[in-house]
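Q: Sending over a structure as structure tokens; questions will come in a sec.
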Amino acid sequence: MQGGSSGIGYGLKYQARCISDVKADTDHTSFLTGTLSLKEENEVHLLRLSSGGTELICEGLFSHPNEIWDLSSCPFDQRIFSTVFSTGESYGAAIWQIPELYGQLNSPQLELIAALDAHVGKINCVLWWSSGRHDKLVSIDEENIFLWSLDCSNKNAQVQSKQSSGMLHYLSGGAWDPHDVNAVAATCESSVQFWDLRSMGKTNSIEHAHVRNVDYDTKKKHLLVTAADESGIHLWDLRMLKAPIQELPGHTHWTWAVCCNPEYDGFILSAGTDSTVNLWLVSTSNHDELPSESLVESPNQRANSLLNSYSDYEDSVYGLAWSSREPWIFASLSYDGRVVVESVKPFLSRK
């Protein structure tokens, strides 16, 4: 099923790759996004959906010193967020705070809380634990995982522990398990590694080539979703990692991102460099109990779970974010700086 141009759009001035739901804003449906311009001054946009749900309004526009490759909003403070950025020669990461009176200032400046400056190589992402207030952060570069202790009031971040991924692995990203504050999944060029932050040791892995993105299911404790370049989307039960429990077709080009709905079981978004966002509905009812081999679906047995394809884009789609406040709403971001907000309410009756 093809979707038309029913979404609500907003255009950034420059190219962009990352967008984040502002989970801590319980009064508005809000998103943060940042630009990726090598030559121009980069910007962070605070976007809010109007009360009538008919337009995206820029509530705040802030200058950012470098091109933004990763951005995540703090899940317990709506004014705090992290960025990973590039100067063109090196990478850095920092925690920022939006000034309290930003709506009354002519040119509000972001306040630097802390620089995550212990990295040497290319930094890929900063992770916040999404399930409550937590004073720890995780950052991942190509070779290492760092666990930070963050003190926002004193504007300080200290490395608590660090571990190398190993000589043969180059890390590309990751996700923090919302059900376990000590568990992180890190993506490599040839596997997904599972880490225990207490020991900073690997506990397990999925040997699966070219995993591009990973996300935990927030409603089902043992479910993980991965996106691979050429072999589509896989659902995994963390208690049985020899084979995926379900497979979905990928995009016609690289499948870049996957995102599980925070409230509605089985609703998954995927985005790719084919300028398309897909909405999937998968059955997760059998995955509460420990699965047997008979429950594992082969590619020939799987049902086509595609509910809708949103194709109102002219460039690759890299950013996806469900709204925590209104979980039937999601925002997507294409490389040309176009933000589109869509509602999946028409499909909720399919459950």
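The values are calculated or read from the model by the stated rules, or taken from the named source; none is laboratory data. Predicted model only: the values in this text are computed from it and were never measured. Using ideal geometry, Cβ is built from the backbone for each residue, glycine included, and neighbour counts are taken over all protein chains shown. Remember, those area values only see protein heavy atoms, side chains included, never the ligands or the DNA or RNA. Shrake-Rupley method; radii C 1.70, N 1.55, O 1.52, S 1.80 Å.
Q: Over region 69-183, what per residue volume does the convex hull of the Cα atoms give, in whole Å³?
A: 108 Å³
Q: For region 43-87 and region 185-215, what is the separation of their Cα centres, given in Å?
A: Using only Cα atoms to place each centre, the spacing works out to 28 Å.
Q: Quick one: ranking Phe76, Phe81 by accessible area, 1.4 Å probe, largest first, what do you get?
A: Sorted descending by solvent-accessible area, the residues read Phe76, Phe81.
Q: Among the trypsin sites (Lys or Arg not before Pro) within region 127-234, which fall in a DSSP loop and have no more than 11 other Cβ atoms within 10 Å of their own Cβ?
A: Loop-located and lightly packed - Arg133, Arg198.
Q: Straight-line reach from Lys220: which lysines have a Cα under 18 Å away, not including same-chain ones fewer than 8 places off?
A: Cα-Cα hits under 18 Å: Lys351.
Q: List residues of region 61-94, by number, whose backbone nitrogen lies under 15 Å from a label position 7 Å along Cα→C-beta of Glu100.
A: 78-80
Q: Please list the non-local residues whose amide H lies under 5 Å from the amide H of Asn213, H modeled 1.01 Å from N, same-chain partners needing a gap of 5 or more.
A: Excluding prolines and chain starts, which carry no amide H, the hits are Ala227.
Q: In region 184-216, which residues have a backbone nitrogen under 13 Å from the label point lying 7 Å from Ser164's Cα in the Cα-to-Cβ direction?
A: It comes to no residues whatsoever.
Q: Then there is this: In nm, to one decimal, how far is the Lys122 label point from the Asp315 one, both placed 7 Å along Cα→Cβ?
A: It works out to 1.9 nm between the two label points.
Q: Further question on the same structure: Would you indicate which of (i) 24.6; (ii) 37.4; (iii) 17.1 is the value of mean projected area of the Cα convex hull in nm² derived from the coordinates of this structure?
A: Calculated mean projected area of the Cα convex hull in nm²: the matching label is (iii).
Q: Not counting ligands, DNA or RNA, and with a 1.4 Å probe, what is Met200's accessible surface area in Å² rounded to the nearest 10?
A: Met200 exposes around 10 Å² with every protein chain in place.
Q: When only C-alpha pairs under 8 Å and at least 6 residues apart count, what is the relative contact order of region 198-260, in percent?
A: Normalised by residue count, the contact order of region 198-260 is 31 percent.
Q: Per 0.36 nm of contour for each residue apart, how much would the distance between Glu189 and Asp77 grow if the chain were fully extended, relative to their Cα-Cα spacing?
A: My answer for the length gained is 37.0 nm.
Q: May I pose another question? Pairs Lys202/Lys242; Lys23/Lys136; Lys13/Lys122; Lys23/Lys155: which are spaced more than 19 Å apart, C-alpha to C-alpha?
A: Among Lys202/Lys242; Lys23/Lys136; Lys13/Lys122; Lys23/Lys155, the Cα-Cα distance tops 19 Å for Lys13/Lys122; Lys23/Lys155.
Q: Quote the accessible area belonging to Ser149 in square angstrom, nearest 10, computed with a 1.4 Å probe and with ligands, DNA and RNA left uncounted.
A: Surface accessible to solvent at Ser149 totals approximately 40 Å².
Q: How many percent of the accessible area of the chain is carbon or sulfur, using a 1.4 Å probe?
A: Answer for the chain is 45 percent, counting heavy atoms of protein chains only.
Q: Given a 1.4 Å probe, how much area per residue of the chain is accessible, in Å²?
A: So the chain comes to 44 Å² accessible per residue, rounded to a whole number.
Q: With θ set to phi - 60°, apply the Karplus curve 6.51 cos²θ - 1.76 cosθ + 1.60 along region 83-97 and write out the HN-Hα couplings as whole Hz, x wherever there is a Gly or Pro.
A: Result, ordered by residue: 9, 10, 9, 10, 8, x, 10, 8, 10, x, 8, 8, 10, 10, 10 Hz.
Q: Right, next: Considering only DSSP states other than H, G, I, E and B, which trypsin sites (Lys or Arg not before Pro) in region 39-132 qualify as loop sites with at most 10 other Cβ atoms within 10 Å?
A: Listed in order of number, the matching sites are Lys39.
Q: If you count only protein heavy atoms and use a 1.4 Å probe, how large is the accessible surface of Ser343, to the nearest 10 Å²?
A: 50 Å²
Q: Please check: in the Gaussian network model of the chain (C-alpha springs, under 10 Å), which one of Glu89, Glu314, Glu247 has the largest mean-square fluctuation.
A: Maximum fluctuation in the GNM of the chain, among the listed residues, is at Glu89.
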